[in-house]
Amino acid sequence: GVRLLLNGLCTNTTVKSLDLKGNNLRTTGAEALGKLLRQNKSIRSLTLEWNSLGMWEEGFSFFCQGLRANNFLQRLDLRNNQINHQGAGELAMALTENTSLQELDLRWNNIGLLGGRALLNCLHSNKTLKRLELAGNNVPGDILKAVEQALDHNQDREAILSEAQNQVSILSKEVLSLKDEKNKQFMDFVDTVDKQKEERARSEKMSAARVSQLQEALDEQYSIMNSLKTKLQMTEAALALSEQKVHTLGELLSAMKQEQNSVAECHFRELQQQKQEGADREGRLLHDLSAASEKNLLLRNQVDELERKCKIQQDQLFQAKQDLTSTTAELKLRAVEAEERLETEKRRFKQSLEDMESLRVKEVDRVAQQMEASERSMHDRIQRLEAIRISLDEELSQVKAAALAERGRAEEELIKVRSQARLEEQQRLEHLEEKLRLMTESRDEAQNCCLKQKEMVAEAQAKAKQLSLYADGLKRRLEELQQELDRKEEEKVTELNKVKVELQEQIGHLEAERTAQDGLREKIAALERQLKALSSNHREALLDKEGEISLLLEKLRMKEAEISRMREEEAQRASFLQNAVMAYVQGSPLGPHSSRK
């Protein structure tokens, strides 16, 4: 019956405890028990009290072989089984290889001295057995004490191992938590780096928008230069008209000379009539002089009114300049706000920006030099025209006091001055056309560089369009004023004083052009200062971001060094614990016995 029961339990996986106390098991039962211990993996407690297993040597040795192969049984009760010293030796051999049994009860058997020694020797290799009961076996007291010491040593060893395992588990948890923390820190660092990259991309976009705004400002300057060119063409046309007028005046003067010669011949014949006619003519001349003086006063009043209109237009231009400076200041504030968020920029963009900056600086220097040269030429021309005007005033006073011959000389001098002024205007126009051609070429090059950056400037383009509309309105008003001046010039045909008025108008135009050139030069200087400020801000931002990146890299290296140091400390701690355990095991009372074995 026991054989059938134990054969059935060989494959069972639920029974944890088996009690076969007092069942008179014999050789067959012992062999079945050995088979059960070899095959079953679930039984943790086995009670075999009062079964006389030690009487059957072959069966008990088979039982001990099964116990040797079992690594799951933790408690075994063999009380009152008549086990002798030979059975104790078999049991000791089994215990040398068993690694799971923790409690063994051998009370009230016949183990004796030899069996006690065998069990003591097996405890040198068995480190899991914590409790061994040997009462009632005729075992000497010193062997019992040695057995107790070995069991205490096993218990201490088990406690130390459990504590070490707990510490290792705690340390492993700490290491995992540190790894998680470092991974989180690394991910946070990666996120910050990504954010910095995004901010750098946004800053690149803002800088591209700023470059496009500067390009638009340059385009506006080009449009202003075109308007100046048209004004110069208009002045050239006015000069041509004045030359035509002077030519007609010369023809009239020659006709008058011929008439005077014929009249002189007639008057030579009739002296009395000539005297009377001379007196009448003198009166008419006085009347004409008074009328001419009145016309001169009227013309001077008109000149004053035109000067007042020019001043009003200058005030309007100054207001437009102030609006332009306010808009540039606003754009500068926006650029400063964008530059505060600016991160590290790419070297290629930095190189391209520096190249564009150098090209613009060169272009601005060239334009400034050209404008200074043109300004000097215009100043010289104004001085010459002023001298001519003074000479003409003197000649006019001499004409009023002297005669028609002096008027003819003044007209010849005026024709020379006109021709010289026309030649100078043509040369200056050719020079300006050459400058405009060079500036258009440089503008085309800059536009080719900035084609990729003009898609993100809708707002700036809208403001530029508003400014261009305002400038177009100013241009239209200037054209209307110019048309009014031309209409007034067409009404004045026959008087000699018109030459003075026309010269004064031309001088006013030249002064307006000079003021416009001064405004252009101021705009160029402002743009140059803005470019320098932008470049310096870009450089400072790049240096700041590079410093931040170096600090972050240094922190990352410090964290990695700290992790490696903690790993080394953990390894040293584990090795120290292992060395301490080994030292404790070797320094225990059973250490010499195990070393001798």
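The values are calculated or read from the model by the stated rules, or taken from the named source; none is laboratory data. Quantities reported herein were computed from a predicted structural model and do not represent experimental measurements. FYI the Cβ positions are ideal-geometry reconstructions off the backbone, even for glycines, and counts take in every protein chain you see. Calculation scope for accessible area: heavy atoms of the full protein, side chains included, ligands and nucleic acids excluded. Shrake-Rupley method; radii C 1.70, N 1.55, O 1.52, S 1.80 Å.
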> Just to be sure, is S595 assigned to a helix (DSSP H, G or I), within 33 Å of the chain's Cα centre (by Cα), at pLDDT below 80 and farther than 30 Å from E425 by Cα?
Replying inline: no
> Exactly one of (1) open to solvent by less than 60 Å² (accessible area, probe 1.4 Å); (2) more than 30 Å from R428 (Cβ to Cβ); (3) touching a residue at least 12 places away in the same chain (Cβ under 8 Å) is unmet by M206. Its number?
Replying inline: (1)
> Taking the condition open to solvent by 90 Å² or more (accessible area, probe 1.4 Å), farther than 30 Å from R347 by Cβ and either of a type in the set (D, E) or in contact (Cβ under 8 Å) with a residue 40 or more places away in the chain (or both), does Q165 pass?
Replying inline: no
> In this structure, does R428 turn out to be open to solvent by less than 80 Å² (accessible area, probe 1.4 Å) and within 30 Å of Q260 (Cα to Cα)?
Replying inline: no
>> Of the conditions (1) modelled with pLDDT of 75 or more; (2) under 25 Å from D288 (Cα atoms), L396 satisfies every one except a single condition; which number is it?
In response: (1)
> Looking at A401, A421, which is the one that is among the small types (G, A, S) and open to solvent by 60 Å² or more (accessible area, probe 1.4 Å)?
Replying inline: A401
> Can you name every residue in the range 239-275 that is within 23 Å of V417 (Cβ to Cβ), open to solvent by less than 60 Å² (accessible area, probe 1.4 Å) and of a type outside the set (S, T, Y)?
Replying inline: L239, A240, E243, K245, V246, L249, G250, L253
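Quick grid of which residues meet (1) closer than 30 Å to M206 by Cβ; (2) at pLDDT 75 or above:
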site	(1), (2)
N301	no, yes
L317	no, no
Q322	yes, yes
D365	yes, yes
A373	no, yes
> Looking at L503, is it within 52 Å of the chain's Cα centre (by Cα) and either surrounded by 12 or more Cβ atoms within 10 Å (Cβ to Cβ) or not in a helix (DSSP H, G or I) (or both)?
Replying inline: no
> For the subset of the range 71-96 comprising residues that are open to solvent by less than 30 Å² (accessible area, probe 1.4 Å) and assigned to a loop (DSSP other than H, G, I, E, B), which member is farthest from N137 (Cα to Cα)?
Replying inline: L73
> If you go through the range 453-472, how many residues are in a helix (DSSP H, G or I) and either at pLDDT 75 or above or not small (G, A, S) (or both)?
Replying inline: 10
> T99 passes all but one of (1) outside any helix (DSSP H, G or I); (2) open to solvent by 60 Å² or more (accessible area, probe 1.4 Å); (3) more than 30 Å from A580 (Cα to Cα); (4) not charged (D, E, K, R); which number fails?
Replying inline: (3)
>> Which condition from (1) farther than 21 Å from L531 by Cα; (2) open to solvent by 60 Å² or more (accessible area, probe 1.4 Å) is the one that L228 breaks?
In response: (2)
>> I'd like to check something: does the range 145-152 contain any residue that is more than 15 Å from G87 (Cα to Cα), touching a residue at least 60 places away in the same chain (Cβ under 8 Å) and either part of a helix (DSSP H, G or I) or more than 60 Å from the chain's Cα centre (by Cα) (or both)?
In response: yes
> Do any residues in the range 1-27 that are on the phi < 0 side of the Ramachandran plot have Cβ atoms under 9 Å from those of residues that are acidic (D, E) and open to solvent by less than 100 Å² (accessible area, probe 1.4 Å), where the two are at least six apart or on different chains, and which pairs are they?
Replying inline: R3/E31; D19/E49; D19/D77; L20/E49; K21/E49; K21/D77
>> Which numbered condition in (1) in a helix (DSSP H, G or I); (2) at pLDDT below 75; (3) not aromatic (F, W, Y) is the only one that D355 fails?
In response: (2)
>> I need the full set of residues from the range 102-127 which are of a type in the set (G, A, S) and either open to solvent by less than 10 Å² (accessible area, probe 1.4 Å) or part of a helix (DSSP H, G or I) (or both), in order please.
In response: G112, G115, G116, A118
